[in-house]
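What follows is a single structure, written as structure tokens, with notes after it.
Laboratory data are not the source of any read-out in this text; all were calculated from the coordinates shown. What you are looking at is a predicted structure, and each value in this text was computed from that prediction instead of being measured. Reconstructed Cβ throughout: ideal geometry from the backbone, glycine too, with neighbour counts over all protein chains shown.
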Amino acid sequence: MTEQPNGEVNPVEPEDRREEPEEATDVPEPSGEPEQPDEEDTAERLRAERDRSKDQHLRLAADFDNYRKRTEGRLRQRWNSAQADLVSRLLDPLDDLLRVTALEPETASVEAIVEGVDLVERKFFRVLEDIGVEIVDPAGEAFDPNTMEAMMQVPAESEDDDETVAQVFQRGYAMKGLLVRPARVSVYKA
């Protein structure tokens, strides 16, 4: 409706002045709530990724545990094999020792017994040498606390003898660079 200059109201407006209602678009108005399908897809994707990672972790842990058990088994088998090899090497000298001890005291001569013990000793040292054992016999050398154990001190006769080995009570042994037993010695002290 429009107002006429004379104050009257024209009940009908001309067509070109009428306002047309706006057309509705297909875009829904935001409701303030996030869309559910995208969140559910993301959550499902994350759950699946978590489950894959968990499964992968469990498989790796099981594989490592199996590897550890196999390695321990192999090491135990090698250790047992090495021990069996050492025992087999010691059996020959042991047999000789048994033959010496089986000699009849009434009929055996002292020379035969000493010769038998000498043979056993040589065989034992040959076995030790074959497996890499070195003898630490430091007679007359400078005292080395890394390979020797001082059992007592002896007064030095001269300054040159200070801190040298006077007497070896018990030889030491090393195997492939590892000290098995230190030599037990007396040491000159000035």
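Sort 163-171, 52-60, 118-126 by the packing proxy (mean of other Cβ within 10 Å over each peptide's residues), most packed first.
163-171, 118-126, 52-60
Think of segment 133-190 as a dipole: +1 on every Lys or Arg Cβ, -1 on every Asp or Glu Cβ, centred on the Cα centre; then among Met148, Val133, Ser186, Val133 lies furthest on the positive end. Charges were assigned to the Cβ only: +1 to each Lys and Arg, -1 to each Asp and Glu. The resulting dipole of segment 133-190 about its Cα centre is roughly 480 debye.
Listing Glu72, Glu106 from fewest to most neighbouring C-beta atoms within 10 Å gives Glu106, Glu72. Peptide packing for 137-145, 78-86 was compared via the average number of neighbouring C-beta atoms within 10 Å per residue; ordered from the highest value, the list is 137-145, 78-86.
How would segment 133-190 be classified by its alpha-carbon gyration tensor: rounded, prolate or oblate, with rounded meaning a/c under 1.5 and the a/b versus b/c comparison settling the rest?
Because a/c hits 1.5 or more and a/b exceeds b/c, segment 133-190 counts as prolate.
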